[in-house]
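In what follows, a single structure is set out as structure tokens and then discussed.
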Amino acid sequence: MTGSAPLVAVIGGGQLARMMAEPAAALAIPLRLLAEADGVSAAQVIPDQIVGDHTSLADLREVTAGAAVVTFDHEHVPTEHLRALADDGIAVRPGPDALVHAQDKGVMRERLGALGVPCPRNALVESVADVEAFGFPCVLKTTRGGYDGKGVWVVESAADCAEPFETAAASGVRLLAEELVDFRRELSALVARAPSGQAAAYPVVESVQRDGVCREVIAPAPDLDPELATQAQEVALRIAGELGVTGVLAVELFETRDGRILVNELAMRPHNTGHWTQDGAVTSQFENHLRAVLNLPLGSPAPRERWTVMVNILGGSDGAEAPGRLYDGFPHAMARDPRLRVHLYGKDLRPGRKVGHVNAYGDDLDDCLERARHAAAWFAGDLGNESE
Ligand code: ADP
């Protein structure tokens, strides 16, 4: 029983890789990081690292040399490089055939449509005439490269289509038209799946977005019809199985006003809507991601608490760049709420930038919401007048 764990290479030095390091340390799983620059979020906590470019096969080969498994902080590694690494004998998790569905919304829609998974009505469009035929109002999305609401437009007329088509042409990607869903709220169904086929489904959560950015997550989603919750978990498990996903899969969903769920998009890595699991579930999404990519038995996704609320800390509206101010917030935040859990990413506070999150848990949802919102606003510098 002295064997050491296999080396896991992680591509991308953002906060998701950083948060994988915590369970990796607990389980003595060695990580080696490909960071985009010195000192980025994960590079601060994973000492075995190289600085390089995830679009360079040479850099990918350097970081995976001697690794058993490679996994990801983001979805941007080119498919042909993933195939080359697999040919080198590295277990690529998730693999290229699964990951393409998180990289390309056109491919994702086509596959989910073929599987009969409920999605918004959609079509690839090549001209404004195609969009007119699809029908206004609708949503246009670039098939690749979008994030945090960038690359998504609600269009109501031919004139509105100019910018989306210009953006798509400039980056050489296709445009997808989708019906404008009149949703009640956004939900997320998160599962982890190992190559063995074992899978674990977390409780379905509500995610609150503002300007295309996830701001709050409530676990579990309040007042969700239990049948709809089961359906959402089944859809996520089915997608993970059919696509052969290994690791965490987040399925972002719309709950429509008439009580249906529709899939919005897929992410194949730990996801912002799963950060609550660090403090609110028996096994965090980061630990289950590592277990899954190593084909280990998965940990329980069961909640530890009645409610867990996650609120992201985003740089505030005052425009101040304030390295160090996050730490200055500790005395007040910690004294006010000894049960609050704070997770910072080692990033400087800049307007609109996600620099951390807080998790508050307990038996009373309103109390959790108040505590988490207060702390996040405090750290963001949006409660300046309340300081002592
Ligand atoms: P991203 O890749 O930037 O996360 P998404 O496809 O998730 O892009 O879209 C961002 C946000 O835009 C969604 O969270 C949702 O609020 C809104 N949105 C996306 N698609 C639709 C749609 N078909 N109908 C209504 N709103 C949508």
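The values are calculated or read from the model by the stated rules, or taken from the named source; none is laboratory data. Since this is a predicted model, take the numbers as computed values, not measurements. Please note: Cβ atoms are built from the backbone with ideal geometry, for glycine as well, and neighbour counts cover all protein chains shown. Keep in mind that these areas ignore ligands, DNA and RNA; they rest on the heavy atoms of the full protein, side chains included. Shrake-Rupley method; radii C 1.70, N 1.55, O 1.52, S 1.80 Å.
Yes or no: residue 191 within 30 Å of residue 70 (Cβ to Cβ), aliphatic (A, V, I, L, M), within 15 Å of the ligand (Cβ to nearest atom) and in contact (Cβ under 8 Å) with a residue 24 or more places away in the chain?
No; evaluated as a whole, the condition is false for this residue.
If you go through the stretch 120-167, how many residues are closer than 18 Å to residue 212 by Cα, among the small types (Gly, Ala, Ser) and part of a strand (DSSP E or B)?
Qualifying residue count, the stretch 120-167: 0.
Given the criterion out of contact with any Cys (no Cβ under 8 Å at 6 or more places or on another chain), buried (at least 22 other Cβ atoms within 10 Å of the Cβ) and part of a helix (DSSP H, G or I), identify the matching residue among 101, 81.
101
Can you tell me how many residues in the stretch 13-47 are part of a loop (DSSP other than H, G, I, E, B) and touching a residue at least 24 places away in the same chain (Cβ under 8 Å)?
Count: 12.
For residue 112, are the conditions met, namely being in contact with a strand residue (DSSP E or B) (Cβ under 7 Å, 6 or more places away or on another chain), surrounded by fewer than 16 Cβ atoms within 10 Å (Cβ to Cβ) and either in contact (Cβ under 8 Å) with a residue 40 or more places away in the chain or part of a strand (DSSP E or B) (or both)?
Judged against the criteria, residue 112 is not a match.
Does residue 237 fit the bill of being within 26 Å of residue 143 (Cβ to Cβ), among the hydrophobic types (A, V, I, L, M, F, W, C) and under 23 Å from the mean Cα position of the chain (by Cα)?
Judged against the criteria, residue 237 is a match.
Which residues, counting only those in the stretch 148-163, are away from the ligand (no atom under 13 Å from the Cβ) and open to solvent by less than 60 Å² (accessible area, probe 1.4 Å)?
Across the stretch 148-163, the qualifying residues are 157, 158, 161, 162.
Out of 152, 139, report the one residue that is of a type in the set (A, V, I, L, M, F, W, C), closer than 20 Å to residue 119 by Cβ and without any contact (Cβ under 8 Å) to a residue 60 or more places away in the chain.
After applying the criteria, what remains is 139.
Could we say that residue 184 is in contact with a strand residue (DSSP E or B) (Cβ under 6 Å, 6 or more places away or on another chain), under 30 Å from residue 311 (Cα atoms) and either open to solvent by 10 Å² or more (accessible area, probe 1.4 Å) or not basic (Lys, Arg) (or both) here?
yes
Tell me whether the stretch 45-58 contains one or more residues that are open to solvent by 10 Å² or more (accessible area, probe 1.4 Å), touching a Lys or Arg at 6+ places or on another chain (Cβ under 6 Å) and not charged (D, E, K, R).
Yes, the conditions are met somewhere in the stretch 45-58.
Restricted to the stretch 261-291, and to residues that are of a type in the set (Val, Ile, Thr) and either within 16 Å of the ligand (Cβ to nearest atom) or without any contact (Cβ under 8 Å) to a residue 24 or more places away in the chain (or both), which residue is surrounded by the fewest Cβ atoms within 10 Å (Cβ to Cβ)?
282
Output the number of residues of the stretch 168-221 satisfying the condition of being under 27 Å from residue 92 (Cα atoms), in a strand (DSSP E or B) and touching a Lys or Arg at 6+ places or on another chain (Cβ under 6 Å).
Final tally of qualifying residues: 1.
Matching residues to (1) of a type in the set (Val, Ile, Thr); (2) away from the ligand (no atom under 12 Å from the Cβ); (3) in a loop (DSSP other than H, G, I, E, B):
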| residue | (1), (2), (3) |
| --- | --- |
| 223 | no, yes, yes |
| 228 | no, yes, no |
| 235 | yes, yes, no |
| 240 | no, yes, no |
| 248 | yes, yes, no |
| 254 | no, no, no |
| 259 | no, yes, yes |
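Each row is one residue, and each column tells you yes or no for (1) within 23 Å of the chain's Cα centre (by Cα); (2) among the polar types (S, T, N, Q).
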{"position": "5", "(1), (2)": "no, no"}
{"position": "55", "(1), (2)": "yes, yes"}
{"position": "62", "(1), (2)": "no, no"}
{"position": "66", "(1), (2)": "no, no"}
{"position": "106", "(1), (2)": "yes, no"}
